[in-house]
Amino acid sequence: MTTKHKGQNSDLIPKRLHQLHPEMENIIITAMVLNKSEPCIFLSKNDSQYKAVVNFTLRDSKQDIVNCTYWCSREKVEECSDLIQLGSMVDVVRPKITLISQTGDSNQAQYQPVPTLPILLVCNEGEGYIETHNHYADMERYAEMKLLKHQSHKPLHSVLNLSDVRYSDTITPDLNIDFLVVVGLVKTPREIRTSRDGKPRRCCEIIVFDQSLPSGMTLTIWHGDWLKKAEEYWQPMRTVLHLIDVKVSFSDYYKSCILTTTSRSIIYENPIGVETNNLQRFADSTPRAPFDICAQVVSDNLPKPEDIQTPMTVRQIYSRAECQLRDNSEQFTAVLYAMITKFDVDWQNLVISKRCKACNRMISQSKSLCDNEQCHLSFSFGYTGDKFDLYFNINLHFTDNTGTLLEARLSDAIAGRILDISCERFLQYNDQELESLKWRFLLKHFEAKLLIKKPNTLRRKLTVVIIDMRPIDLDELANNIAIF
């Protein structure tokens with residue numbers, strides 16, 4: 001079968017990817033764009049003109065995948081890259097077909113997705129080109145290609161669990177691994193200047209999770225096309241991703257392992273399979289609050305004071321939280337016997353915070369309404385009451401014979417119960433009343449029952465929540481002093 005193409009005199013021969021070999025010429029391949037790189041621009045040594053190259057990863061069946069490299073002028077490559085999107089159907093016309101073992105560039109494969117066929121398609125200026133396919137004239141083929149968007153070429157059961165790398169003691173540099181995860185949270189993209197060329201680049205951090213690690217792990221995306229998909233289409237707690245060849249590395253910023261997409265990575269959205277269905281059911285049963293970076297902890301999720309029985313010193317708390325003591329849990333509880341050495345309630349606007357009644361997100365002191373538009377719809381027309389709640393958020397320092405715990409917070413209903421006062425009444429206190437309240441606690445010894453949350457992808461800092469506390473005398477303190 002032959003076909004006329006774009007008014008050319010020569011007939012083009014349609015071929016499937018698995019039929020290709022280096023001797024073929026004058027052919028046309030129709031395929032779906034599985035992945036693409038960002039254009040690489042460089043100055044040509046021959047004519048001092050700016051040239052560019054972009055790589056497209058193509059697929060025309062469940063198992064057949066190849067890379068296609070397009071070299072041309074900067075303008076044409078950028079135009080081609082803007083026109084051809086992820087998931088587009090394209091025609092590759094008169095490409096040069098090269099065996100990968102004969103490319104002469106062993107480093108090139110390191111920066112491209114791994115193909116399933118041992119060939120590389122190359123289009124040079126004047127010698128082949130790539131363009132969007134007119135799928136309206138070929139609806140049957142279009143329907144076939146569209147199904148490939150959700151059919152991974154690798155088995156879903158062959159992935160690694162997030163916990164396998166999250167708690168790994170050693171990570172091999174530039175290790176590329178496959179995962180099956182759910183999107184937990186899509187953070188707002190930000191611009192970062194890269195150390196390589198100093199130019200600003202946009203990146204987006206996604207919190208992803210699976211059954212083995214419900215607390216989640218950070219996935220960083222740099223590629224503009226995938227970043228756009230994440231912003232516009234990925235739904236927290238719904239979208240499942242099959243991540244193929246993502247880089248696993250240790251982040252000094254997060255003090256834990258993170259995932260990063262590279263030019264080798266491929267992502268399938270909501271891949272078809274039993275594993276995807278199981279993961280979606282798990283996500284449906286997982287509360288969203290842990291993945292909402294703005295959500296406040298509510299009392300219903302906290303342990304009961306009577307269940308907290310393990311005595312610890314300040315040094316032991318820090319040792320376990322910083323993983324000096326082997327422990328894979330995300331949080332733990334402790335009973336601390338110590339003196340309160342900081343209890344600042346003098347500045348009322350720093351002690352009282354606001355949160356939205358609809359979503360529990362923190363609201364700035366200068367605002368009376370949440371920034372989330374969905375929350376506006378939660379309040380009925382004509383609603384005249386406050387759309388926020390006030391709550392205590394007090395930082396305390398506990399000091400014992402081993403050190404000082406700096407991160408403890410007394411907040412929410414627990415604070416109201418321990419202080420025996422409401423937020424509204426507290427805001428009416430005069431200076432004398434504030435001073436009296438302060439010295440009820442400052443430099444006094446207490447038994448404090450604590451929930452300690454280790455730093456993770458959502459919290460870079462240690463969080464210590466006071467569940468309950470009561471004053472103690474020196475005799476009881478002496479009976480509970482520990483050396484370490």
Q. Where residues in the stretch 346-361 are in contact with a helix residue (DSSP H, G or I) (Cβ under 6 Å, 6 or more places away or on another chain) and part of a strand (DSSP E or B), which of them is surrounded by the most Cβ atoms within 10 Å (Cβ to Cβ)?
A. Cys356
Q | From the options Tyr383, Tyr429, Tyr391, residue that is open to solvent by 60 Å² or more (accessible area, probe 1.4 Å), at negative phi and either in contact with a helix residue (DSSP H, G or I) (Cβ under 8 Å, 6 or more places away or on another chain) or assigned to a loop (DSSP other than H, G, I, E, B) (or both) | A | Tyr383
**Q.** Given (1) open to solvent by less than 60 Å² (accessible area, probe 1.4 Å); (2) over 35 Å from the mean Cα position of the chain (by Cα); (3) within 21 Å of Met339 (Cα to Cα), number of the condition Trp439 does not satisfy
**A.** (1)
Q) Between residues in the stretch 269-281 that are open to solvent by 40 Å² or more (accessible area, probe 1.4 Å) and residues that are of a type in the set (Ser, Thr, Tyr) and part of a loop (DSSP other than H, G, I, E, B), which pairs lie under 9 Å by C-beta distance while being six or more apart or on different chains? A) Asn270/Thr239; Ile272/Ser152
Q) What residue, of Val165, Val90, Val186, Val182, is of a type outside the set (Phe, Trp, Tyr), in contact with an Asp or Glu (Cβ under 9 Å, 6 or more places away or on another chain), at pLDDT below 90 and open to solvent by less than 60 Å² (accessible area, probe 1.4 Å)? A) Val186
Q) Among the residues of the stretch 390-428, which ones are within 30 Å of the chain's Cα centre (by Cα) and among the polar types (S, T, N, Q)? A) Asn393, Asn395, Ser411
Q.
Tell me yes or no: at least one residue of the stretch 8-18 is touching an Asp or Glu at 6+ places or on another chain (Cβ under 9 Å), at pLDDT 90 or above and either in a loop (DSSP other than H, G, I, E, B) or open to solvent by less than 30 Å² (accessible area, probe 1.4 Å) (or both).
A. yes
Q) Quick check: is even one residue across the stretch 459-473 modelled with pLDDT under 90, touching a helix residue (DSSP H, G or I) at 6+ places or on another chain (Cβ under 9 Å) and surrounded by 16 or more Cβ atoms within 10 Å (Cβ to Cβ)? A) yes
Q.
Take the residues in the stretch 110-141 that are of a type in the set (Phe, Trp, Tyr) and in contact (Cβ under 8 Å) with a residue 24 or more places away in the chain; name whichever of them is most open to solvent (accessible area, probe 1.4 Å).
A. Tyr111
Q.
Based on this model, can you work out whether Ser215 counts as part of a strand (DSSP E or B), in contact (Cβ under 8 Å) with a residue 12 or more places away in the chain, buried (at least 18 other Cβ atoms within 10 Å of the Cβ) and of a type in the set (Gly, Ala, Ser)?
A. yes
**Q.** Unique match (being crowded, with 17+ Cβ neighbours inside 10 Å, at pLDDT 85 or above, farther than 24 Å from Ser212 by Cβ and in contact with a helix residue (DSSP H, G or I) (Cβ under 9 Å, 6 or more places away or on another chain)) among Phe343, Phe332
**A.** Phe343
Q) Consider Cys80 against the criteria (1) part of a helix (DSSP H, G or I); (2) open to solvent by 70 Å² or more (accessible area, probe 1.4 Å): it satisfies all of them except one. Which criterion is unmet? A) (2)
Q. Thr313 is checked against (1) modelled with pLDDT of 80 or more; (2) more than 30 Å from Ser436 (Cα to Cα); (3) surrounded by 15 or more Cβ atoms within 10 Å (Cβ to Cβ) and fails just one. What number does that condition carry?
A. (2)
Q | Looking only at the stretch 24-61, and only at residues there that are in contact (Cβ under 8 Å) with a residue 12 or more places away in the chain and among the charged types (D, E, K, R), the one that is surrounded by the fewest Cβ atoms within 10 Å (Cβ to Cβ) | A | Glu25
Q: Residue by residue through the stretch 255-300, note down the ones that are modelled with pLDDT of 75 or more, over 17 Å from Lys149 (Cα atoms) and in a loop (DSSP other than H, G, I, E, B).
A: Thr261, Thr262, Ser263, Arg264, Ser285, Thr286
Q) So is Asp210 of a type in the set (Asp, Glu) and surrounded by fewer than 19 Cβ atoms within 10 Å (Cβ to Cβ) or not? A) no
(Q) Quick test of your reading of the structure: Ile65 fulfils all but one of (1) surrounded by fewer than 21 Cβ atoms within 10 Å (Cβ to Cβ); (2) touching a Lys or Arg at 6+ places or on another chain (Cβ under 8 Å); (3) over 16 Å from Ile84 (Cα atoms). Name the failing condition by number. (A) (1)
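The values are calculated or read from the model by the stated rules, or taken from the named source; none is laboratory data. Fair warning: this is a prediction, and the values are worked out from it, not measured in the lab. Cβ atoms come from the backbone with ideal geometry, glycine included; neighbour counts cover every protein chain shown. The protein model used for the area step is the full one, side chains on, heavy atoms only, and it has no ligands, DNA or RNA in it. Shrake-Rupley method; radii C 1.70, N 1.55, O 1.52, S 1.80 Å.
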